[in-house]
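Trainee: Questions regarding the structure given below will be posed in turn.
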Amino acid sequence: MQNIIKTVNLKKLYTTEEVETTALDDIQIEIKKGEFVAIMGPSGCGKSTLLNIIGLLDNPDSGEYHFIDHEVAKFSERQRSQLRKGNIGFVFQSFNLIDELTCYENVELPLLYLKIPSDERKRRVEEVLTRMNIMHRKDHFPQQLSGGQQQRVAIARAIVARPSVILADEPTGNLDSANGEEVMRLLEELNNEGTTIVMVTHSPHDANYAHRIINLFDGKVVTENIKEQFHV
Amino acid sequence: MLKNYFKIAFRGFAKHKLTFFINLFGLALGLWVAMLIGLWVQDELSMNRDFKDIDQVYRVMGHQRYGDEIYTFASTPGVLAKELKEVQPEVELATTFTWMEKNLFVQEDTRVKLEGFYAEPDYLHILQYELLHGDREKILTEKSNIVLTKEAAIKLFGRTDVLGEELVMKDDTVRSFYVQAVLETLPSNSTWKFEYILPYQVTFDHPNNEWMRRWDSNGPNTLVRLRPNTNAEAFSEGIAGFVKERYENSNVTLIAYPQKELYLRGKFVDGKQQGGRIEYVRLFSIIGIFVLLIACINFMNLSTAKSQKRAKEVGVRKVVGAENSSLIFQFLSESLILTFIASLFALLLVIITMPVFNELTGKTLSIPYSEGGFWLYLLIIILFTGTVAGSYPAFYLSATKVVAVFKNNMKAGKNVVWARKGLVLAQFILATTLIVSTVVIYQQINYALQKDLGYVKEQLLTMPLEGQIGANFNAFKTRLEQHPEIKSVSRSTHNLLGRNSNTGGVSWEGKDPNFTALFEIMFVDYGFIETVGMKLVKGEDFNINKGADSLQGAIINEKAYQLITQGNPDATSFSLYDEERNITGVVADFHFQSVHENMEPVIFLLGPDYAGQGFIRLNTANIQNTLASIENIAAEINPDFPFQYSFMDDNYARMYSEDVRLRDLAKYFSILTILISCLGLLGLSAHIAEQKTKEIGIRKVLGASTLSILNVINKEFLIIVLISIAIGSGMAYWFMQDWLSGYAYSIEFEWWFIPLAAMVILSIAYMTVTLQSFRAARVNPVNSLKTE
């Protein structure tokens, strides 16, 4: 199957006044369209840095990064932003909903930036909210919802623009086990429908949902476990 | 999308009420001041300019050299206008017009004192005041004509359709005039506030005014309208020697100066235009912009202080597809919405405070609701303020690095903290500058008001000697002096409140023929020196028992004495207009102008018949009763005229009304600036206290006292405030030295002005910050550390 993400000798350094830290060192990974990949590793191993680069939020210092058909390692912020729009959906550990916007408005936001006409927006927002089983709370503000509900809104926002890739950063980290389970099932469902999912997690249980686990340690890929597809 | 921005904005306002209030209040104050100053500046800039063809209208003035200095006077020979029109082809219209004077007018039972002047027929063609009734072509052509303003007509007749009606003017004679035209209410942006105009020929032909027909005397003003496309500069140069060509000994060099510039740029120093009212216009424009900037700075400060809260939103928006430009647009529209709301409050404030502001500035301003220009100006101010206030937060926030969005720790960079401190610094520099300046202006005005003037201005009553009092002054004087609480009575041509009559025609033994000094001439009655309380250094006051000694003698001041005895220490006389005068007395120098001006040489001559200003020295604890007695005596002798008087100390203080205005405005601006700055400080310290929650928690766990915690937060601000005091004081020193140099007699910039202002600012700033830091310092560390 076609690679949607491919990195070659990817390197990222963080430099402060006195210390230079190698965050990512010679990373080579390939992720195919429709795959569900988990990235694991201890704190500080470079997971978030990798996710930033994969998510087109940051550039590597050297190496190549192919996203779909583009070599994007040298893209400007503007170019990255253009490519990101509609192609990548993000799910965060702390949900990152905008407090001043209702659930509906939070989900609508990516479509506004894509300049989708309002009728179409309404249809699509309602569709994903219904799917996420959160339609009845659409006019509520994030603080009025439980953690599980907030994460469902966040997932709705991530998928409303129908991206080909979803990047999830510890999506169950702030949830109890029941809500966590529900979120993982939703991600699995989306993957089954063809969306590529790249997830950073500390939880072996969550990682089990993935087809493949990439283990990072000190900025390097140490192992890649290709698993049989199974459910707990 | 715009709807989305509006929603975010309004929900944000509702959520962060303190920030919203501080921003709104601060911006509203800033806009309020900017609007008031804007209206004032607009009014100043339009002063005396709203006349047809005003660009062609020129005032003919004269430079005169005395000693080392060139003085510039608007007074010209009374025959100049006519001659200019006849001789100079560029002159299309020309008029002489006199100074403003008050006269009593009688119409049947109505007696009214009106203020007005004499002018030639061209006057109302050059300055085309709007006519309510009458024919402009015929105005002032006959000696029996009078032009009234609408208000004067109503005062006299109770109506305005009064063409051809007779009214009587009473001065030293009684004359009838017939109303020939009625003018519309004079425009409010015109400084020349008259109620009537009489034909110049009336005063020109008066037997006392023979001097008006001569080229060696200057008195009335001359106004001309040049033909279209005339090169005014060439014209001005062309008429430079016009007076000298007609009177060989003249030291007058004529210039033609644009009439429309005279109000704002009418001050001449040594023959060159320099400063004038335009300086105040500039000063207040700068203050207006400063106050507005300070309000903008608050907004920037608070917005960036709240950036941590907004950073998450920015990160999320970027992740879901926002570009920098759309974020900048979002934040700018937010500040514009806020500025718009603030401007509504500001407008309301302007409406409420307009009467007070008018009193403060001596104007009659109003909001020109029907003028598009005003709304355009308002729109520009809103756009400017909103954009300036929103620009920094917009560019700063939109540049938030989105990579941190995963780590949930988006923070303001170090440079921003510095920028923020810089903004507070700028505010307090301004506040200090204004406060120190206010203190200096206060001191200087107090100094001017309390300065020993060389005569005793307290309990010195002065009154115009009109009608029968003028004619029977000695009877009046005798009656008054019988009153036990009236010490003495005399009269003079001079009111001691500014230049009146002066001459360069004084010479003495050993005088350099090329040197001319300007001497003020005061005609006085017997006992004048004693009545006003001047100090005689030599000789004696004019005395009726001395006969010819007094009549042919002169009393001079020390400045005059120094000049006359320069080459000859034993000199006892000088010559005035080629007539020898013995010096019979020398008085200590005294101020007959404001302390902006130097004390100048003065010659007193005995000339009671010219003296129209009475002076009465009181010595009483009961002013009211004494005044009543004077009024009774005046009414007996002079039943036609209302009793009018004033006290010299009040008159003297009135000379500083512009300075007092400046002082009051500076005072109010200082208060406002401090208020707005403290609003900013309040918001900012709330934020810093919030940011330092963890640090404070840890310090408390380690045993820090509340006081030492207070210092953690307060220290940061106090250092900034101290630095701004240092810089602000320096700026104030610089500005005030310049301002004080406009006074011939001024205070020194005292060192204690600075600690005084510093103490005021520091204590206000300290209280403001403590309000916040005290709360932070008292939080239980268990709570503050748990949230981390």
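Trainee: For the stretch A:119-138, does any single residue satisfy the condition of being in contact with a helix residue (DSSP H, G or I) (Cβ under 8 Å, 6 or more places away or on another chain), polar (S, T, N, Q) and within 14 Å of chain B (Cβ to nearest Cβ)?
Mentor: The answer is no, given that none of the residues of the stretch A:119-138 is in contact with a helix residue (DSSP H, G or I) (Cβ under 8 Å, 6 or more places away or on another chain), polar (S, T, N, Q) and within 14 Å of chain B (Cβ to nearest Cβ).
Trainee: While we're on this one: I need a count of the residues in the stretch A:50-104 that are assigned to a helix (DSSP H, G or I), at the interface with another protein chain (Cβ under 10 Å from one of its Cβ atoms) and β-branched (Val, Ile, Thr).
Mentor: 1
Trainee: The conditions are (1) of a type outside the set (Asp, Glu); (2) touching a strand residue (DSSP E or B) at 6+ places or on another chain (Cβ under 8 Å); (3) buried (at least 21 other Cβ atoms within 10 Å of the Cβ), and residue A:213 fails exactly one of them. Which is it?
Mentor: The failed condition is (3).
Trainee: If you go through the stretch B:74-92 one residue at a time, do you hit one that is crowded, with 21+ Cβ neighbours inside 10 Å, aliphatic (A, V, I, L, M) and not in a helix (DSSP H, G or I)?
Mentor: yes
Trainee: Out of all the residues in the stretch A:59-70, is one or more buried (at least 18 other Cβ atoms within 10 Å of the Cβ) and closer than 30 Å to residue B:16 by Cβ?
Mentor: Looking for residues that are buried (at least 18 other Cβ atoms within 10 Å of the Cβ) and closer than 30 Å to residue B:16 by Cβ, one finds none in the stretch A:59-70, hence no.
Trainee: Check whether at least one residue in the stretch A:170-177 is surrounded by fewer than 18 Cβ atoms within 10 Å (Cβ to Cβ) and away from every other protein chain (no Cβ under 13 Å), and report yes or no.
Mentor: The answer is yes; a qualifying residue exists.
Trainee: Of all the helices (runs of 4 or more DSSP H) wholly in the stretch B:274-366, which have at least 2 residues that are within 24 Å of residue B:18 (Cα to Cα) and away from every other protein chain (no Cβ under 14 Å)?
Mentor: The qualifying helices (runs of 4 or more DSSP H) are B:277-305, B:324-361.
Trainee: How about the stretch B:417-458: which of its residues are outside any helix (DSSP H, G or I) and surrounded by fewer than 17 Cβ atoms within 10 Å (Cβ to Cβ)?
Mentor: Correct list: B:451, B:452, B:456, B:458.
Trainee: Give the residue that is surrounded by the most Cβ atoms within 10 Å (Cβ to Cβ), with candidates limited to residues of the stretch A:148-169 that are part of a loop (DSSP other than H, G, I, E, B) and within 14 Å of chain B (Cβ to nearest Cβ).
Mentor: Checked the stretch A:148-169; the qualifying residue surrounded by the most Cβ atoms within 10 Å (Cβ to Cβ) is A:160.
Trainee: Only one of (1) in contact with a strand residue (DSSP E or B) (Cβ under 9 Å, 6 or more places away or on another chain); (2) farther than 21 Å from residue A:166 by Cα fails for residue A:100. Which number is that?
Mentor: Failing condition for residue A:100: (1).
Trainee: Residue pairs, Cβ under 6 Å, 6 or more apart or interchain, first in the stretch B:268-291 and not assigned by TED's automatic domain parsing to the domain that holds residue B:42, second surrounded by fewer than 15 Cβ atoms within 10 Å (Cβ to Cβ) and not in a loop (DSSP other than H, G, I, E, B). List them.
Mentor: The qualifying pairs are B:270/B:69.
Trainee: Also, quick follow-up: Residues that are in contact with a helix residue (DSSP H, G or I) (Cβ under 8 Å, 6 or more places away or on another chain) and within 22 Å of residue B:677 (Cα to Cα): find the helices (runs of 4 or more DSSP H) completely inside the stretch B:691-785 holding 3 or more of those.
Mentor: B:706-740, B:753-777
Trainee: How about the stretch B:527-580: which of its residues are hydroxyl-bearing (Ser, Thr, Tyr) and in contact with an Asp or Glu (Cβ under 7 Å, 6 or more places away or on another chain)?
Mentor: Answer for the stretch B:527-580, where residues must be hydroxyl-bearing (Ser, Thr, Tyr) and in contact with an Asp or Glu (Cβ under 7 Å, 6 or more places away or on another chain): just B:573.
Trainee: Got a number for residues in the stretch B:316-331 being surrounded by 23 or more Cβ atoms within 10 Å (Cβ to Cβ) and closer than 17 Å to residue A:91 by Cα?
Mentor: Result for the stretch B:316-331: 6.
Trainee: Could you grab the pairs with beta carbons closer than 7 Å, sequence gap of 6+ or different chains, first residue in the stretch B:396-407 and more than 11 Å from chain A (Cβ to nearest Cβ) and outside any helix (DSSP H, G or I), second one modelled with pLDDT of 70 or more and buried (at least 18 other Cβ atoms within 10 Å of the Cβ)?
Mentor: Here the result reads B:400/B:311; B:400/B:314; B:400/B:315, each pair linking the stretch B:396-407 to a residue that is modelled with pLDDT of 70 or more and buried (at least 18 other Cβ atoms within 10 Å of the Cβ).
Trainee: Just wondering, is there one or more residues in the stretch B:339-356 that are in contact with a Pro (Cβ under 9 Å, 6 or more places away or on another chain) and among the β-branched types (Val, Ile, Thr)? So that I can check it myself, show each step before the final result.
Mentor: Just the residues of the stretch B:339-356 that are in contact with a Pro (Cβ under 9 Å, 6 or more places away or on another chain), to begin with: none.
No, the conditions are met nowhere in the stretch B:339-356.
Trainee: State whether one or more residues within the stretch B:6-22 are away from chain A (no Cβ under 14 Å), modelled with pLDDT under 90, touching a Gly at 6+ places or on another chain (Cβ under 7 Å) and surrounded by 21 or more Cβ atoms within 10 Å (Cβ to Cβ).
Mentor: Yes, the stretch B:6-22 contains a residue that is away from chain A (no Cβ under 14 Å), modelled with pLDDT under 90, touching a Gly at 6+ places or on another chain (Cβ under 7 Å) and surrounded by 21 or more Cβ atoms within 10 Å (Cβ to Cβ).
Trainee: Could you identify the single residue in B:174, B:162 that is farther than 24 Å from residue B:50 by Cα, out of contact with any His (no Cβ under 8 Å at 6 or more places or on another chain) and hydrophobic (A, V, I, L, M, F, W, C)?
Mentor: Criteria check complete, one pass: B:174.
Trainee: Consider only pairs whose beta carbons are under 6 Å apart and that are at least six residues apart or on different chains; among these, list those whose first residue lies in the stretch B:4-26 and is assigned to a helix (DSSP H, G or I) and whose second residue is charged (D, E, K, R).
Mentor: Within 6 Å, the pairs are B:8/A:100; B:9/B:334; B:11/A:100; B:12/A:100.
Trainee: Residues in the stretch A:210-228: is at least one of a type in the set (Gly, Ala, Ser) and more than 30 Å from residue A:26 (Cβ to Cβ)?
Mentor: The answer is no; no qualifying residue exists.
Trainee: Here's a check for you: in the stretch A:82-124, which residue that is touching a Gly at 6+ places or on another chain (Cβ under 6 Å) and farther than 19 Å from residue A:186 by Cα is surrounded by the most Cβ atoms within 10 Å (Cβ to Cβ)?
Mentor: Per the stated criteria, the residue is A:110.
The values are calculated or read from the model by the stated rules, or taken from the named source; none is laboratory data. In this text the structure is predicted, and so the values were computed from the model without any measurement. Note: ideal-geometry Cβ built from the backbone for every residue, glycine included; neighbour counts use all protein chains shown.
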